[in-house]
1. Can you name the residue in segment 258-286 that is part of a helix (DSSP H, G or I) and in contact (Cβ under 8 Å) with a residue 60 or more places away in the chain and is also nearest to the ligand (Cβ to nearest atom) among such residues?
2. Please determine, by comparing only the residues of segment 135-181 that are assigned to a strand (DSSP E or B) and of a type in the set (S, T, N, Q), which one is farthest from the ligand (Cβ to nearest atom).
3. Pairs needed: first member in segment 305-325, assigned to a strand (DSSP E or B); second member anywhere, at pLDDT 95 or above and of a type in the set (Gly, Ala, Ser); C-beta distance under 6 Å; at least 6 residues apart or different chains.
4. Looking at segment 189-198, can you tell me whether even one residue there is assigned by TED's automatic domain parsing to the domain that holds LYS217, under 19 Å from ALA328 (Cα atoms) and at pLDDT 95 or above?
5. Any idea which of SER327, SER323 is touching a strand residue (DSSP E or B) at 6+ places or on another chain (Cβ under 7 Å), crowded, with 18+ Cβ neighbours inside 10 Å, among the polar types (S, T, N, Q) and closer than 22 Å to PHE269 by Cβ?
6. Hey, can you tell me all the residues within segment 182-213 that are in a loop (DSSP other than H, G, I, E, B), surrounded by fewer than 21 Cβ atoms within 10 Å (Cβ to Cβ) and either of a type in the set (A, V, I, L, M) or away from the ligand (no atom under 15 Å from the Cβ) (or both)?
7. Being touching a Lys or Arg at 6+ places or on another chain (Cβ under 9 Å) and of a type in the set (Gly, Ala, Ser) is the filter here, so list the residues in segment 24-59 that pass it.
Amino acid sequence: MKSMDGYSPIIVKDSDDILLLDQRILPQKKEYLKAVDLDDFVYAIREMVVRGAPLIGIVAAFGYYVAIRDAGSKKEIKIRARKAKEKLSRSRPTAVNLFYALDIMEKTLNEKIDILPSEKLKKKLRAVAFGLWESQKEEDLAIASNGVEFFKDKETILTHCNTGSLATGGIGTALGIIKMLFKKGSLKMVYVDETRPYLQGARLTAFELSNEGIPYKIITDNTAGLLIAKGMVDGVVVGADRIAANGDVANKIGTYMVALAAKQNNVDFVVAAPESTIDRDIKDGSEIVIEQRSEDEVLNCGKCRIAPGDAHALHYGFDITPSYLISAIITQKKIYRQPYEF
Ligand code: MRU
């Protein structure tokens with residue numbers, strides 16, 4: 001597997017400058033934005049400079065650290081940290097990893113604030129943000145080996161959205177499985193849903209597969225059903241933004257339709273995600289808040305208007321796939337099967 005140094009979604013320089021790869025303009029341009037204060041991090045998450053559930057969490061943790069980095073007193077650290085958690089929590093609602101990472105940062109702060117001097121406390125929070133990133137890299141590898149065990153000799157896999165290095169900072173979750181399957185030798189073709197309207201598939205997944213030398217074809221989202229029905233797909237693997245306690249899964253809009261087509265045609269539909277994406281506090285998918293984004297993202301394609309001037313759009317960013325459509329949920333720990341008990 002190629003190193004992802006060429007397109008790491010975050011770079012932390014020795015100077016402590018934090019650079020975020022602007023995924024809105026990939027693959028045409030590779031540009032990093034320097035995030036210098038809390039608002040830069042909030043902007044980067046909300047406007048999808050960075051995206052993908054695990055990466056959103058990692059970036060939020062770095063944002064939390066940056067927010068307190070220059071604080072003078074402990075009192076100021078506390079005030080800034082509270083504000084950081086509030087603002088970052090409001091940036092995007094669906095991916096639970098954002099809240100998971102912020103809770104860890106806050107817990108660390110609360111545990112250490114009376115024990116450590118300010119500068120050591122800041123260093124500790126920086127280390128915790130790095131720790132989240134490092135753990136994600138390890139979890140991705142474990143998810144990939146569990147995924148390879150599940151898919152074994154499969155030759156054609158379909159995926160939706162982008163769940164690779166750009167979404168996790170490691171090798172990826174669902175895309176990590178695809179990368180490892182290819183390395184093991186069985187995989188011959190990946191069908192990549194373009195993933196309207198942000199085109200995570202056509203732009204980002206295609207970019208990663210091309211970098212890895214893995215054969216792929218981009219399909220329009222509405223082609224998935226046809227390929228599955230024609231027997232051209234051996235298995236489907238996607239990521240998740242939040243998994244409810246009963247196994248219902250929130251993932252990128254369009255996932256549900258793929259799951260329906262897979263079920264109808266007896267093709268395995270698999271979800272790959274770290275354990276941190278499981279929200280045990282939520283009974284089922286009906287409790288998951290689904291992000292609604294600007295209608296402009298649907299009415300325009302990039303900078304080009306495609307709908308009539310007076311048109312309106314309804315733009316849900318995610319949908320819920322009920323657990324009965326899901327053959328397996330693969331985490332770093334194990335391959336869960338129905339009925340889902342985490
Ligand atoms: O809106 P995005 O691009 O953040 O949505 C990303 C997805 O839906 C991914 O499938 C999910 O976050 C898993 S990423 C490993």
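1. THR277
2. THR156
3. Here the result reads PHE318/ALA250; ILE320/ALA250; ILE320/GLY285; THR321/ALA259, each pair linking segment 305-325 to a residue that is at pLDDT 95 or above and of a type in the set (Gly, Ala, Ser).
4. Let us first name the residues in segment 189-198 that are assigned by TED's automatic domain parsing to the domain that holds LYS217, namely 189-198.
Applying the additional criterion that residues be under 19 Å from ALA328 (Cα atoms) yields none.
For segment 189-198, residues assigned by TED's automatic domain parsing to the domain that holds LYS217, under 19 Å from ALA328 (Cα atoms) and at pLDDT 95 or above: absent.
5. Only one candidate passes the filter, namely SER327.
6. GLY185, SER186, LYS188, LEU199, GLY213
7. Result: ALA53, single match.
Residues checked against (1) of a type in the set (A, V, I, L, M); (2) under 27 Å from ASP284 (Cβ atoms):
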| position | (1), (2) |
| --- | --- |
| TYR32 | no, no |
| ASP39 | no, no |
| VAL42 | yes, no |
| GLY57 | no, yes |
| ALA61 | yes, no |
| ALA81 | yes, no |
| GLU86 | no, no |
| LEU98 | yes, yes |
| LEU102 | yes, yes |
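The values are calculated or read from the model by the stated rules, or taken from the named source; none is laboratory data. Only a predicted model underlies this, so the values are computations on that prediction, with no experimental measurement involved. With ideal geometry, Cβ positions are generated from the backbone for all residues, glycine too; neighbour counts draw on all protein chains shown.
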